[in-house]
Amino acid sequence: MIENVQTNKMSLKEEIDLKQLPVHIAVIMDGNGRWAQKNGMERFMGHKEGVVSVRKIVEAAGSLGIKYLTVYTFSTENWNRPQEEVDALMALMVTAVRRETKDLMANNVRLRTIGDVDRLPPLTRKELDACIEETKNNTGLNLILALSYSSRWELTEAVKKIAGEIKDGTLSLAQIDEQIVSNHLITKDIPDPDLLIRTGGEFRISNYLLWQLAYAELYFTDTYWPDFREENLYAAIVDYQKRERRFGKTGEQIQFNK
């Protein structure tokens, strides 16, 4: 679904049914580099402005009562970008985490990560670990950074773990079902996303939470991530709430069970 953001003075927040919120929103934050190029800036400036959007969306999601927000911060494939850009992104992450920890605490937000974080530079990992530790008892929004993450990496690691358990006799082939697979994913204690938002005008999932997005509602917008702010989030949620989520059932079954 392509976004259609309301342009009058009334906030789309007023249209949101707080009793029908998505529990978990996943975001692919695309378009930072193109936003910078469009505005005559270096690509890095797009990433820097993208941090502002993260802050705005975290605050807006938390104020609504969203429980989980997962943002695709750095993919496994992103390691293949020019080293100068990778280094700049890692440095930006250190600065952002240091600066935002105070606000996360003030807004009762818990920071978490998913991905192959052992590949991160030591200083980046240190700052993340410190923020995770400081916010671990917060009870509001769970902000989950997908870092050095790809779904194929996650699924491969899950297969290795399952194979290892079969080999050592703690798991049998007959026991393997969807729940067993889910329990071996890095997201095992996180509910599957209800809504996926992708910015930047692309229509791809990009190796992101492939197992977990099986029944998510997909929302695509041409808006570049640095321009994506509160009203854009509200528009996505309003659109989500207009959809009938059937999970393989018929519309009549859904209506009957309400």
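The values are calculated or read from the model by the stated rules, or taken from the named source; none is laboratory data. All values derive from a computational prediction rather than experimental measurement. Neighbour counts run over all protein chains shown; Cβ positions are idealised from the backbone, glycine included.
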**Study point:** In region 60-100, the residues that are touching a Ser or Thr at 6+ places or on another chain (Cβ under 7 Å) and without any contact (Cβ under 8 Å) to a residue 60 or more places away in the chain
**Key:** MET90, MET93, VAL94
Check your understanding: Could you list, in sequence order, the residues of region 175-198 that are part of a helix (DSSP H, G or I) and more than 20 Å from the chain's Cα centre (by Cα)?
Key -> GLN175, GLU178, GLN179, ILE180, VAL181
**Study point:** Residue that is farthest from the chain's Cα centre (by Cα), among those in region 146-174 that are surrounded by 11 or more Cβ atoms within 10 Å (Cβ to Cβ) and outside any helix (DSSP H, G or I)
**Key:** LEU171
Exercise for review: Evaluate the following for THR101: is it among the polar types (S, T, N, Q), under 21 Å from ILE57 (Cβ atoms) and assigned to a strand (DSSP E or B)?
Suggested key: no
Review point. If you scan region 125-144, which residues turn out to be of a type in the set (S, T, N, Q) and either under 16 Å from THR73 (Cβ atoms) or surrounded by 14 or more Cβ atoms within 10 Å (Cβ to Cβ) (or both)?
Key: THR135, ASN138, ASN142
Check your understanding: So which residues in region 8-47 are outside any loop (DSSP other than H, G, I, E, B), modelled with pLDDT of 95 or more and of a type in the set (Lys, Arg)?
Key -> LYS13, ARG34, LYS38
Check your understanding: What is the number of the single condition among (1) under 20 Å from LYS67 (Cβ atoms); (2) assigned to a helix (DSSP H, G or I) that ASN108 does not meet?
Key -> (2)
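Residues checked against (1) under 23 Å from PHE44 (Cα atoms); (2) not hydrophobic (A, V, I, L, M, F, W, C):
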residue: MET105; (1), (2): no, no
residue: LEU128; (1), (2): yes, no
residue: LYS136; (1), (2): no, yes
residue: SER150; (1), (2): yes, yes
Review point. Given the structure, is LYS167 in contact with a His (Cβ under 8 Å, 6 or more places away or on another chain) and more than 20 Å from PRO191 (Cβ to Cβ)?
Key: no
